[in-house]
1. Within the group 99, 56, which residue is over 28 Å from residue 176 (Cα atoms), surrounded by 13 or more Cβ atoms within 10 Å (Cβ to Cβ) and within 19 Å of the chain's Cα centre (by Cα)?
2. Taking the stated definitions as given, is residue 227 more than 14 Å from the chain's Cα centre (by Cα), closer than 30 Å to residue 11 by Cα, more than 8 Å from ligand 2 (Cβ to nearest atom) and modelled with pLDDT under 95?
3. Restrict the check to segment 148-159 and report whether at least one residue is away from ligand 1 (no atom under 16 Å from the Cβ), farther than 30 Å from residue 85 by Cβ and of a type outside the set (D, E, K, R).
4. Report, by residue number, each residue of segment 157-169 that is in contact (Cβ under 8 Å) with a residue 60 or more places away in the chain and either within 16 Å of ligand 3 (Cβ to nearest atom) or surrounded by 22 or more Cβ atoms within 10 Å (Cβ to Cβ) (or both).
5. Could you check segment 1-47 and list, in sequence order, the residues that are crowded, with 18+ Cβ neighbours inside 10 Å and assigned to a loop (DSSP other than H, G, I, E, B)?
6. Just the residues that are aliphatic (A, V, I, L, M) and within 15 Å of residue 152 (Cβ to Cβ), please, taken from segment 187-200.
7. Can you pull out the residues in segment 188-209 that are in a helix (DSSP H, G or I) and surrounded by fewer than 24 Cβ atoms within 10 Å (Cβ to Cβ)?
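The values are calculated or read from the model by the stated rules, or taken from the named source; none is laboratory data. Predicted model only: the values in this text are computed from it and were never measured. Heads up, the Cβs are rebuilt from the backbone with ideal geometry, glycines too, and the neighbour counts pull from every protein chain shown. Just so you know, the surface numbers come from the protein's heavy atoms only, side chains and all, with ligands and any DNA or RNA stripped out. Shrake-Rupley method; radii C 1.70, N 1.55, O 1.52, S 1.80 Å.
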Amino acid sequence: MGVTLLDPLAVAEMAAASRTVDPMWLVGVLPVVAVYGILRGRAFCGWVCPVNLLGEGVDRLRRLLKIPDAGFSLPRRAKVAVAVSVVVLSGALAIPAFELFSPIGAVSKGLAVGAFAGVATLLAVLACDLLGPRRLWCRSVCPLGGCYEVLGKVGQLNVAIDHSACIHCGRCEQACLCDPSILAPALEGRSPIIAAGDCMACGACIDACPVGALRFRLGRWGLGADAEGTRELETVPMTVENRT
Ligand code: SF4
Ligand code: SF4
Ligand code: SF4
């Protein structure tokens with residue numbers, strides 16, 4: 001008998017909708033929680049989710065066309081509240097609510113069950129990535145991203161910084177497609193790693209650093225890492241012009 005791997009949000013939705021917990025759901029979700037919990041929750045976003053891949057392509061197109069950022073966004077932690085809302089809504093509607101409009105796997109789901117609302121969401125997400133606040137869905141709205149952000153707070157795969165090598169050129173912030181503000185504690189010398197649960201461990205900042213001050217490091221306990229920092233997005237604008 002095969003095991004279907006399930007993401008934690010889907011299991012929470014199904015449990016809320018049905019008011020039961022099927023043991024097979026636990027069998028399906030535990031390996032996922034274990035892998036992303038040990039590595040880094042949003043590694044799913046950086047390395048697995050097709051929406052991120054499409055978003056990166058749209059981002060390149062946006063830079064090519066020199067379309068400026070909308071200049072505003074939502075707090076990135078809003079997606080955690082969206083995740084909680086989706087679970088509550090699933091309980092109220094007695095149906096897994098995010099699955100009705102999720103853009104992740106939208107095409108395959110549409111072809112399989114004829115539910116094309118996710119395709120509309122996907123098109124809206126990509127249109128927003130091109131013309132609206134950059135990366136709004138993945139940075140601030142997606143409930144699955146919010147779920148993995150929480151899991152990411154205990155992830156052991158981190159980007160570490162060599163403070164003595166850093167020349168404060170800002171290229172790592174410009175390269176980060178998640179949110180430049182998550183690098184602030186490390187760049188300001190308050191943390192030896194990028195500890196925010198939102199980090200996707202994509203390595204774009206490592207590739208962008210001209211002096212090799214960033215590298216992957218396993219483990220975070222006892223490092224005194226500052227997870228969130230205080231610098232907000234407004235002081236690190238994500239404009240098309242300042243990106244490499
Ligand atoms: S935030 Fe959501 S849509 Fe974006 S990459 Fe992560 S899981 Fe995929
Ligand atoms: S901080 Fe670096 S590894 Fe983390 S999401 Fe940003 S670019 Fe990727
Ligand atoms: S790209 Fe490297 S040198 Fe430049 S600010 Fe980031 S860590 Fe420092």
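1. None of the others qualify; the one that does is 99.
2. yes
3. Looking through segment 148-159, at least one residue is away from ligand 1 (no atom under 16 Å from the Cβ), farther than 30 Å from residue 85 by Cβ and of a type outside the set (D, E, K, R).
4. 158
5. Of everything in segment 1-47, those that are crowded, with 18+ Cβ neighbours inside 10 Å and assigned to a loop (DSSP other than H, G, I, E, B) turn out to be 6, 7, 39, 40, 41, 42.
6. Result: 193, 194, 195, 196, 200.
7. Matches in segment 188-209: 204, 206, 207, 208.
For (1) within 16 Å of ligand 2 (Cβ to nearest atom); (2) not charged (D, E, K, R), each residue gets a yes or a no:
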| site | (1), (2) |
| --- | --- |
| 4 | no, yes |
| 8 | no, yes |
| 12 | no, yes |
| 18 | no, yes |
| 23 | no, yes |
| 36 | yes, yes |
| 42 | yes, no |
| 46 | yes, yes |
| 79 | yes, no |
